[in-house]
């Protein structure tokens, strides 16, 4: 019986040309476009300088700023207030004020106080830009390599030696694609049959709830396997980024996440009466799960009350596990806790999807 129900689901998907195009085009678009867009590296910071010293040493500092690839030098201004007007007009991001006697203080071994005023409307850009500029100012205070400020420090990057942000982004995009495709499509499945009236034909048959829900879930598991394969192939073909760990672990994590979201989508579909209602409810939970998962920002930077929500967020476990396997090359023992959590969430949601389906016979 169940094989005929699965066949029915695939026939419905095949006859809907929009869904077929979405399943193929969406992961391709996300993997080809989003890694270039979802870049949190801070570059092109516009800097204005107020040089009150006008000495050779202060000009050397100005030239160091202009030659740095992170900054865009916006010129010098006669006073701090004139430069501040440029910040207010969003023409510059940071103002550096070099005080009078800057060169004299450095010659006498003093530490002159340099003012760095940053536009903190964008807190990340202002904070990181100020940090970059502080490093340049500090290095300029001790141009002689024999001074303690120029210590020999070497940095060795273990998992991302070229600091390529796409390596960090691709596992996150994989999670987003799985959430959207395996969450929204099942959420619209049963409720669309309710609106079309075809669900009544199933309700009068002896098909059990378990068989009916399982037949709804299996096609989306197969779609999930197809999507993750497309994403991994595109990551290798376009960016040269490959999984450092075991591929079967990536597929295992993906299938567990697909089981959770497909079951969750069916739960929403069971309780919804219209497509609009199902879409809005699903979107509400998707936004919350994404923002509280650590997908874009570290979860440890959250307040304690919001960090506590990560313990019941399956996306958090998936993001943590897939980055461990994909980027750091971890084995099963490294992600055993996350796998166990995902299995627990998936089983609970699968049972809930069956129980919540109301079959009137």
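The values are calculated or read from the model by the stated rules, or taken from the named source; none is laboratory data. All of these numbers come straight from a predicted model, not from anything done at the bench. Note: ideal-geometry Cβ built from the backbone for every residue, glycine included; neighbour counts use all protein chains shown.
Please state which of the following conditions residue 318 fails to meet, knowing it meets all the rest: (1) closer than 30 Å to residue 39 by Cα; (2) in contact (Cβ under 8 Å) with a residue 24 or more places away in the chain; (3) in a loop (DSSP other than H, G, I, E, B).
(3)
For the stretch 90-104, indicate whether the set of residues that are modelled with pLDDT under 85 and under 21 Å from residue 46 (Cβ atoms) is non-empty.
Within the stretch 90-104, one or more residues are modelled with pLDDT under 85 and under 21 Å from residue 46 (Cβ atoms).
Go through the stretch 176-290 and tell me which helices (runs of 4 or more DSSP H), entirely inside it, have 3 or more residues that are out of contact with any helix residue (DSSP H, G or I) (no Cβ under 8 Å at 6 or more places or on another chain) and more than 30 Å from residue 163 (Cα to Cα).
The qualifying helices (runs of 4 or more DSSP H) are 199-203.
What are the residue pairs meeting all of these: first residue in the stretch 214-228, first residue free of Cβ contacts under 8 Å to residues at least 40 places away in the same chain, second residue part of a helix (DSSP H, G or I), Cβ atoms under 9 Å, and 6 or more apart or on different chains?
What qualifies is 222/10; 225/251; 225/254; 225/255; 225/258.
Here's a check for you: in the stretch 256-307, which residue that is more than 19 Å from residue 189 (Cβ to Cβ) and touching a residue at least 24 places away in the same chain (Cβ under 8 Å) is surrounded by the fewest Cβ atoms within 10 Å (Cβ to Cβ)?
Within the stretch 256-307, the match that is surrounded by the fewest Cβ atoms within 10 Å (Cβ to Cβ) is 296.
Looking at residue 318, is it at pLDDT 90 or above, surrounded by 19 or more Cβ atoms within 10 Å (Cβ to Cβ) and within 17 Å of the chain's Cα centre (by Cα)?
yes
Given the criteria assigned by TED's automatic domain parsing to the domain that holds residue 241 and at pLDDT 80 or above, does residue 183 qualify?
Judged against the criteria, residue 183 is a match.
Assess whether residue 9 counts as being part of a helix (DSSP H, G or I) and under 28 Å from residue 222 (Cβ atoms).
The answer is yes for residue 9.
Check whether at least one residue in the stretch 163-180 is exposed (fewer than 15 other Cβ atoms within 10 Å of the Cβ) and over 21 Å from the mean Cα position of the chain (by Cα), and report yes or no.
Checked against the condition, which is being exposed (fewer than 15 other Cβ atoms within 10 Å of the Cβ) and over 21 Å from the mean Cα position of the chain (by Cα), the stretch 163-180 yields no hits at all.
Suppose we filter 350, 329 for residues that are out of contact with any helix residue (DSSP H, G or I) (no Cβ under 9 Å at 6 or more places or on another chain) and either part of a helix (DSSP H, G or I) or surrounded by fewer than 22 Cβ atoms within 10 Å (Cβ to Cβ) (or both); which single one remains?
One residue alone meets the criteria, 329.
For the stretch 16-39, does any single residue satisfy the condition of being surrounded by fewer than 16 Cβ atoms within 10 Å (Cβ to Cβ) and over 30 Å from residue 169 (Cβ atoms)?
yes
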